[in-house]
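The values are calculated or read from the model by the stated rules, or taken from the named source; none is laboratory data. What you see is a predicted model, and the numbers here were worked out from it, not measured in a lab. Cβ: placed from backbone, ideal geometry, glycine included. Neighbour counts: every protein chain shown.
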Amino acid sequence: MTMEAIKTGIDAEAAIPMPPGGALFGLGLPELTVVMAGLGQKPYRARQVFDALYKQRVASLDEVTTLPIALREQMQAAGWQIGLPEMVQTAKSVDGTERYLMRMADGETVETVWMPDGDGGERGDGSEAAVEESNDRVDAAEAVTGQLNKIDKRNWGALAEQGFRRATICISSQVGCAVNCQFCLTAKLGIRRNLTAGEIAGQVAAVLNRHGVKMGKDRINLVFMGMGEPFLNYSSFMQSVRVLVEGIGVPESRMTVSTSGILPGIEAFAKETVRPKLALSLNASNDVVRERIMPITRKWNIGKLLEAVKAIPLRTREWVTFEYVLLGGVNDQPEHAREVLALLRGMAAKVNLIVWNPGPGIDYHQPEPADVAVFQKMLMAGGIPTYIRRPRGRDIYAACGQLKRTVAEESPKLVVIGAAVL
Ligand code: SF4
């Protein structure tokens, strides 16, 4: 299933099979109230389950000690379970990034990434998280080679060992992806199915539990930038956002969703009252180049996408992020920078430059550090705040565009620190 699945935009989710129900995780208070009423229980029992799921982040019904044992047994007999994804493999990068293989109830797997101290992706977007990242400095050479630069002498691996001051979790929204961006390893998987809201938000809960994160004290940012296109699984993605905000307690201002440019999704997103910040994966300065590297452009071109993005009512100090993966010799030249400037003129926009992360079977090249530096300089000179994203976890295939359910056997260099039970 490739372009077929996205012909109808967000309606594509109807065409992709969903797993069988029975999981409580992902249900909001209204749905839990209905579930508990079906078991002959009063509404306050729904609130107890809600708190156990999202505040205490329990892994099994046995841990919901606010419910009588008989009720827990009744729920189990009726087929209800918590339904958190299972973390079946963990790989750790020298920079402290961790990549997890998460297994769902039906055996499907996706990847989730933990980046202590983030990757600088929030810089300049007007949010609270951006202020924390404002001192983060990444230069072109570091982004290409992965070696620490002269400005930033921090030892990211050692820092991560000491704990974390803040962290970013990158979440998947689908098993595989239908969008077929030519530079992305996830695209090679094709699409297998959508994740449910519980499976999306459940990745966050599983990672928070692993690191003993205390919400309200520890600063956590979420990016919906893992496997899949969130706007092709729109209703589950938005339900997961509500659960993450209202249940787990992550402020919406600390969440960013990235789309490859699903027009109906952007239009629906513009009408949401509670929503993450938006990042559009632009990656090209004109439709000709974009069609080549992102075939979805044939359906919705850059002009249509920018029109829809401009129609989103932004909150105070909110800016839209444009992600731009730099592919050597393809989209990284001065003429491309000039075209990007023309596209974004007048918008509350910032650009995140991402040096392409190599992957097996993908025939692109990394840009030259000098080209990255010139590209950034030209956009900055044109008045667009432009940042270079820090490559995190490239050595364990956890960086942008590298998520493809890599298991240890395929990549002997991986330091696998969790149980590999595949
Ligand atoms: S970059 Fe994102 S939208 Fe494009 S194929 Fe990869 S996962 Fe899908």
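For the stretch 284-313, a residue qualifies if it is away from the ligand (no atom under 16 Å from the Cβ) and among the hydroxyl-bearing types (S, T, Y), and exactly one does: S285. Might you check whether a residue that is modelled with pLDDT under 65, within 27 Å of D332 (Cα to Cα) and more than 16 Å from the ligand (Cβ to nearest atom) occurs anywhere in the stretch 160-181? No, the conditions are met nowhere in the stretch 160-181. In this structure, L278 qualifies as part of a strand (DSSP E or B) and of a type in the set (A, V, I, L, M, F, W, C).
Number of residues in the stretch 252-266 that are modelled with pLDDT of 95 or more, more than 15 Å from F237 (Cα to Cα) and surrounded by fewer than 21 Cβ atoms within 10 Å (Cβ to Cβ): the value is 1. In this structure, S260 does satisfy being in contact with a Phe, Trp or Tyr (Cβ under 9 Å, 6 or more places away or on another chain), within 16 Å of the ligand (Cβ to nearest atom) and among the polar types (S, T, N, Q). Can you confirm whether the stretch 283-291 contains a residue that is surrounded by fewer than 20 Cβ atoms within 10 Å (Cβ to Cβ) and among the basic types (K, R)? Looking for residues that are surrounded by fewer than 20 Cβ atoms within 10 Å (Cβ to Cβ) and among the basic types (K, R), one finds none in the stretch 283-291, hence no. Of all residues in the stretch 190-198, none are within 16 Å of the ligand (Cβ to nearest atom) and under 23 Å from G96 (Cβ atoms).
Checked against the criterion of being at pLDDT 95 or above and over 27 Å from G226 (Cβ atoms), the candidates L101, L39, L61, L53 yield just one match: L61. I'd like to check something: does the stretch 383-404 contain any residue that is modelled with pLDDT of 90 or more and out of contact with any strand residue (DSSP E or B) (no Cβ under 9 Å at 6 or more places or on another chain)? Yes, that holds for at least one residue. Return a yes/no flag: does the stretch 210-229 have any residue that is near the ligand (Cβ under 9 Å from one of its atoms), among the polar types (S, T, N, Q) and crowded, with 24+ Cβ neighbours inside 10 Å. Within the stretch 210-229, none of the residues are near the ligand (Cβ under 9 Å from one of its atoms), among the polar types (S, T, N, Q) and crowded, with 24+ Cβ neighbours inside 10 Å.
The rows are residues; the columns are (1) assigned to a strand (DSSP E or B); (2) modelled with pLDDT under 65; (3) surrounded by fewer than 17 Cβ atoms within 10 Å (Cβ to Cβ); (4) of a type in the set (A, V, I, L, M, F, W, C).
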residue	(1), (2), (3), (4)
A105	no, no, no, yes
E111	yes, no, no, no
M115	yes, no, no, yes
R123	no, no, no, no
N135	no, yes, yes, no
I151	no, yes, yes, yes
R154	no, yes, yes, no
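Looking at the stretch 276-283, can you tell me whether even one residue there is of a type outside the set (S, T, N, Q), touching a residue at least 12 places away in the same chain (Cβ under 8 Å) and more than 15 Å from the ligand (Cβ to nearest atom)? Checked against the condition, which is being of a type outside the set (S, T, N, Q), touching a residue at least 12 places away in the same chain (Cβ under 8 Å) and more than 15 Å from the ligand (Cβ to nearest atom), the stretch 276-283 yields at least one hit.
Pairing each residue of the stretch 176-197 that is at positive phi with any residue that is more than 9 Å from the ligand (Cβ to nearest atom) and of a type in the set (S, T, Y), provided the two are 6+ apart or on different chains, yields C-beta distances under 6 Å for N180/T2. Is there a residue in the stretch 348-364 that is part of a loop (DSSP other than H, G, I, E, B) and within 20 Å of G303 (Cα to Cα)? Yes, the stretch 348-364 contains a residue that is part of a loop (DSSP other than H, G, I, E, B) and within 20 Å of G303 (Cα to Cα). Within the stretch 325-347, the residues that satisfy the criterion of being outside any helix (DSSP H, G or I) and within 16 Å of M380 (Cβ to Cβ) are L326, D332, R345, M347. For T316, state whether it is outside any helix (DSSP H, G or I) and more than 16 Å from the ligand (Cβ to nearest atom). Answer is yes for this residue. Considering only residues of the stretch 55-99 that are assigned to a helix (DSSP H, G or I) and in contact with a strand residue (DSSP E or B) (Cβ under 9 Å, 6 or more places away or on another chain), which is surrounded by the fewest Cβ atoms within 10 Å (Cβ to Cβ)? My answer is L61.
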